[in-house]
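Step one of this worksheet: look at the structure below.
The values are calculated or read from the model by the stated rules, or taken from the named source; none is laboratory data. None of these values were measured; they are calculated from a predicted model. Neighbour counts run over all protein chains shown; Cβ positions are idealised from the backbone, glycine included. Heavy atoms of the whole protein, side chains included, go into the accessibility calculation; ligands, DNA and RNA do not. Shrake-Rupley method; radii C 1.70, N 1.55, O 1.52, S 1.80 Å.
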Amino acid sequence: MFGTRVLRKRWVLGVIFLGSLIYFLAATFSKSDDLVLEEYKVRKTQRQPFQWQAKIPDETETNNRTHHIHCRNSVQGKHLLVDERGYVCERRHIGPGSCCDIRGSSTRRYQCESCLSNGCCTVYEFCVSCCLQPDKKTLLRRILREASNEPFNLFSLVSDHFELCLAKCRTSSQSVQHENSYRDPKAKFCFGENPPDLQAVVN
């Protein structure tokens, strides 16, 4: 009888302990999710005003002294780079400050050569350069406004025109059909509102 009471008491204590542990873990994870969501809301509401104009002057405004200018650029291109002023150039024409040298034979500004009317381009760097054209601002404002209504705005952390174009021109789920092939294998880098046109599959 005594042994039965001890076992029953231990069983009850075990159930109470297990229930308390489950409650503690559930409360902890719920609080963690709330903190993540709250941090996202704070970042979204405290973002600095969006910067449309490039802060970097042209060499023509600084007596062509390229080494006095410092730029952000797209970094990843094996052969081509695009800087935040909208210049595209070959890697060999990147100056010490990471800007394209406007005197380089390969340097072009606001290059839309490989881009279609829907804003989709065959070359990533051309996509970014074309997206940086001042006349694309109205389109991009509309894209930002529509994205702000999404539960998780993919562009909430971009702070300026250059960062927005870098993000927009990267291939995304919109560029893909059936999860394993591009809608348009050639023009797959897009800054426009719509995904690439769906191309017929040739067997």
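Numerical summary
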{"quantity": "Computed lengthening from GLU150 to ILE22, 0.36 nm per intervening residue step minus Cα-Cα distance", "calculated": "42.7 nm"}
{"quantity": "For the stretch 85-155: accessible area per residue (Å², 1.4 Å)", "calculated": "51"}
{"quantity": "Relative contact order (%) - the stretch 64-169, alpha-carbon pairs under 8 angstrom, separation at least six", "calculated": "20"}
{"quantity": "FRET efficiency for SER106 and GLN76, using Cβ-Cβ distance with R0 set to 22 Å, rounded to 0.05", "calculated": "0.80"}
{"quantity": "11 Å reach of a label modelled at ALA167, 7 Å along Cα-to-Cβ, counting backbone N of the stretch 70-87", "calculated": "none"}
